[in-house]
């Protein structure tokens, strides 16, 4: 399967060439995101937040300052968002919709893996799909607008893994339904699975909501790192299983990260 976001071009030693101009733009955007999140910050603070060298941060800040995107407090040496960014933000309202931000990335992933990719949000004890991209597989279901149970879906388990203990207790107090013989409703088993989800960064289900259907989910985060939605990949168990999940999860998490960056989540490195 083709991995997302990588060029097929290779250097003579077998590695992929790096476009340093693109990397500089990428890091400049990350600096702006840090300032939006943390408020006025010094060079050292920004460098630590992004895990890049202070000299690189200083050089990029100088360029951003020359274009009015950041301003410096001459007395304290701290940088803040500049007025040019305010002007640019005025034209951003039309692209604030999560479906619009994510659709092209979901389409790219669906084409790469051949199965269905959705963006889902939490609504109480349910998960609702708000956008969908369909791959080459003829086995696809239109999930947009449909509600699915939070405890028996990959997106739902991803959300639950990051809930407070009290929120999880409320869900179990309502006695979640067992949809198939594989649906997990034991709080102890699910708690162990939530720990794994937090460690590996994605959630999986196999025939827990429907027989023959498996799925993965990865988080979409906002500027403050909060999980606001999930990207899911679903398909038949003969294509999504223990052998294929690691490779699929890598592509799924890469897609989720791209959407998160578009939503303002800070990219490190």
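The values are calculated or read from the model by the stated rules, or taken from the named source; none is laboratory data. For clarity, every value in this text was computed on a predicted model and none was experimentally measured. Cβ placement follows ideal geometry from the backbone for every residue including glycine, while neighbour counts extend to all protein chains displayed.
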Problem set entry | Flag for residue 85 being out of contact with any strand residue (DSSP E or B) (no Cβ under 6 Å at 6 or more places or on another chain), at pLDDT below 90 and surrounded by 14 or more Cβ atoms within 10 Å (Cβ to Cβ) | yes
For this session: Check residue 160 against each of (1) in contact (Cβ under 8 Å) with a residue 12 or more places away in the chain; (2) assigned to a loop (DSSP other than H, G, I, E, B) and name the one condition it does not meet.
Result: (2)
Exercise. Are any of the residues in the stretch 150-166 over 21 Å from residue 107 (Cα atoms), at pLDDT 90 or above and over 22 Å from the mean Cα position of the chain (by Cα)?
Worked result: yes
Exercise. Quick one: which of 129, 140 is at pLDDT below 95 and either more than 24 Å from residue 237 (Cα to Cα) or outside any loop (DSSP other than H, G, I, E, B) (or both)?
Worked result: 129
Exercise. Restricted to the stretch 98-126, and to residues that are buried (at least 22 other Cβ atoms within 10 Å of the Cβ) and in a strand (DSSP E or B), which residue is farthest from the chain's Cα centre (by Cα)?
Worked result: 116
Exercise. So is residue 199 without any contact (Cβ under 8 Å) to a residue 12 or more places away in the chain, out of contact with any helix residue (DSSP H, G or I) (no Cβ under 7 Å at 6 or more places or on another chain) and outside any strand (DSSP E or B) or not?
Worked result: yes
For this session: Identify all residues within the stretch 208-218 that are in contact with a strand residue (DSSP E or B) (Cβ under 8 Å, 6 or more places away or on another chain), closer than 17 Å to residue 180 by Cβ and buried (at least 17 other Cβ atoms within 10 Å of the Cβ); write none if there are none.
Result: 209, 213, 214, 215
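Residue-by-condition table, conditions (1) crowded, with 17+ Cβ neighbours inside 10 Å; (2) in contact (Cβ under 8 Å) with a residue 12 or more places away in the chain; (3) part of a helix (DSSP H, G or I):
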site	(1), (2), (3)
204	yes, yes, no
220	yes, yes, no
224	no, yes, no
235	yes, yes, no
243	no, no, no
249	yes, yes, yes
252	yes, yes, yes
